[in-house]
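What follows is one structure encoded as structure tokens, with my remarks underneath.
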Amino acid sequence: MPIIDRNLHLGVKIWLFFMMFVCIVFLLMWLFQVIFLEWFYESFKMRDTAKIAQQLIVACNDEDFETKAEDISIQNEICIELLSDNGKILYSNCIYDYHCLIHSESGGLYFYLKDLESSSTNTISRRMFDTDMQSEMLVYGCKLYWKNGEVAGYLFLNTKLAPVESTVSILKRQTMMITGILSLVGILLSILIAKYISRPLTQITRSAKRLAHGDYLAKFEGGGYAEADDLAEALTYAATELSKTEEMQRDLIANVSHDLRTPLTMMKAYAEMIRDLSGDNPLKREQHLNIIIEETDRLSLLVNDMLDLSKLESGTQKLNRTTFDIAVCMQEIVHRYEGISEQMGYHIYFMPDESCLVYCDESKINRVIGNLINNAINYTSKENKQVFVTQKNTPVGVRIEVRDTGDGIEEDKIKLIFDKYYRSENHKREVVGTGLGLSIVKAILKMHEYDYGVNSKLGEGSTFWFVIRDVVKDDESQNE
Ligand code: ADP
């Protein structure tokens, strides 16, 4: 279970975190500076005294031991007693102007020696209260050994423990003051930080709600820190993309409904004309019926293209790859077109390369080449009416090109022509088309992951191309 309720306002959460932090600081200060201060002081003092004892043990055999011991004694305000193994005092130095606690009657060197004998660590440390000095004292003792392990003597150190009660009470008051100040600073800081963090987020949320209601002009502003700026930037980007999608959808509906409505209107109009006017005139009736048939073709072409494209884009159609000779396949396609186009005065020139086996979806590649030839026929120059279809076997694959000698495509339109329902604004109605031909080409080539493109120059014509990468090498085909 979370310590802090998830639904709390960010400002309140930050304040709570700050308060938790203040409490922890307060607790630590209270523990270290008040409750355990005496314990810390004593254990530090004990450790320091043990270190001094070590220094003295090292200096024991030095000739100038006495001078060194005196220096140590003065520097550390400590009494030193060095005894032989039978308890005889070898060296004694007491800096306090009272009899040394170690061999005083009250302390009793005898008891310390006894304690030391029974100590498993060979050291003792005792806290004593000196009634003469009215002060707490610390006594430290340790055994000295010869090299052969026999006891050589005893070292006792005696130092005053400073009273910590007054320090504790001062620290207590200080800790309380610091806690108060920290709490106040914590509250102020948390309010400021919460405002600093939450203000841009509140603004962004407000704008996001506007965006959700379709206001694509909603402004997303960051505010002083990178995360909010990034979020605002990402949402601004999302808003522009959403507005583009909405615009595209609007255009799409407008285009589709226009393309569907026009043939329907024509068909209705001509059917009414036959009913009301030309029904008895066989010549006119024939003409009008032909127009109705043409419009029906146009409509079914559009509907079929729409269905094909949606199937391709939805991913429901899978590639049915087979191995076939692309040169033969292209020859057949061109042959199919030759008959129709020659009636209309068009010339399709096919420039094949050597026969080459490829491994791809034949009917879909057929569709691509067919769509490109259709477009080339539709948009080639009406003067010389020529279309060139080329097969080039290259090291990276079979490059197929369809070239016309028409008006070409403006540079800024080239990136649009492969979009759904895009038709140049100046296209003529007699050019039969749905605006979906190149989208179908793009969808099929993308499914195959083939490179494609168009090179076009205004006034000179366009060359649409793609590369079939899946070429079957001779030895591979023999293995099949
Ligand atoms: P459609 O030809 O049915 O309009 P497409 O998707 O096949 O639809 O082509 C989209 C647009 O690209 C066409 O309307 C036309 O403006 C342009 N286009 C396509 N092929 C050619 C070409 N060979 N020459 C000039 N423009 C072309």
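The values are calculated or read from the model by the stated rules, or taken from the named source; none is laboratory data. Since we're looking at a predicted model, the values are computed, not measured. With ideal geometry, Cβ positions are generated from the backbone for all residues, glycine too; neighbour counts draw on all protein chains shown. What goes into the accessible areas is simple: the full protein's heavy atoms, side chains included, and nothing from ligands, DNA or RNA. Shrake-Rupley method; radii C 1.70, N 1.55, O 1.52, S 1.80 Å.
Details
- Computed over neighbours whose Cβ is under 15 Å from that of S190, the net charge equals +3, Lys and Arg +1, Asp and Glu -1.
- Cα-only Debye scattering, segment 100-218: base-10 log of I(q)/I(0) at q = 0.19 Å⁻¹: -1.02
- Proximal charge balance of S363 [Cβ under 14 Å; K/R count +1, D/E count -1]: +2
- Formal net charge of residues neighbouring L458 (Cβ-Cβ distance under 12 Å; K, R +1; D, E -1): -3
- Normalised contact order of the chain, rounded percent, pairs of Cα under 8 Å and 6 or more residues apart: 10 percent
- Along the axis of the charge dipole computed for the chain (Cβ charges of +1 for Lys and Arg, -1 for Asp and Glu, origin at the Cα centre), the listed residues L289, Q174, L357 are led at the positive end by L289.
- Relative to the 2.2 N^0.38 Å rule of thumb, segment 171-232 has a C-alpha radius of gyration ratio of 1.78.
- Between the Cα long axis of helix 226-276 and the first principal axis of the chain there is an angle of about 20°, rounded to the nearest 10.
- With R₀ fixed at 41 Å, the C-beta to C-beta distance from F21 to D85 puts the FRET efficiency at about 0.10.
- Extension gain for L242-E342 works out to 31.2 nm (0.36 nm per residue, less the C-alpha to C-alpha distance).
- Between the helical axis of 326-343 and the longest alpha-carbon principal axis of the chain there is an angle of about 40 degrees.
- The simple spin-label model puts a point 7 Å past each Cα toward its Cβ; for L31 and E362 those points are separated by 8.3 nm.
- In plain terms, the C-alpha convex hull of the chain casts an average shadow of 51.3 nm² when viewed from every direction.
- Inverse mean reciprocal Cα-Cα distance (Kirkwood Rh) of segment 292-417, Å: 16.4 Å
- The modelled label-to-label distance between D276 and L184, using points 7 Å beyond Cα along the C-beta direction, is 9.3 nm.
- Protein accessible area in segment 110-175, 1.4 Å probe - carbon and sulfur %: 54 percent
- Accessible surface of segment 183-299, 1.4 Å probe: 62 percent of it comes from carbon and sulfur atoms.
- Using R0 = 45 Å, the C-beta based FRET efficiency linking D48 and T205 works out to 0.15.
- Accessible area expressed per residue, the chain, with surrounding protein chains retained (probe 1.4 Å, Å²): 62 Å²
- Segment 188-241 versus segment 308-340: alpha-carbon centroid distance in Å: 51 Å
- Derived scalar couplings ³J(HN,Hα) [segment 173-187; Karplus, 6.51 cos²θ - 1.76 cosθ + 1.60; whole Hz; x for Gly, Pro]: 5, 4, 4, 5, 5, 4, 4, x, 4, 4, 4, 5, 4, x, 4
- Ellipsoid equivalent to segment 339-471 - semi-axes via the Cα gyration tensor, in Å: 23, 18, 14
- Descending semi-axes in whole angstrom, ellipsoid equivalent of segment 279-358, from the Cα gyration tensor: 36, 24, 8
- A simple spin-label model places pseudo-atoms 7 Å from Cα toward Cβ; at T121 and F65 they are separated by 2.5 nm.
- Segment 172-239, relative contact order [Cα under 8 Å, separation at least 6], %: 23 percent
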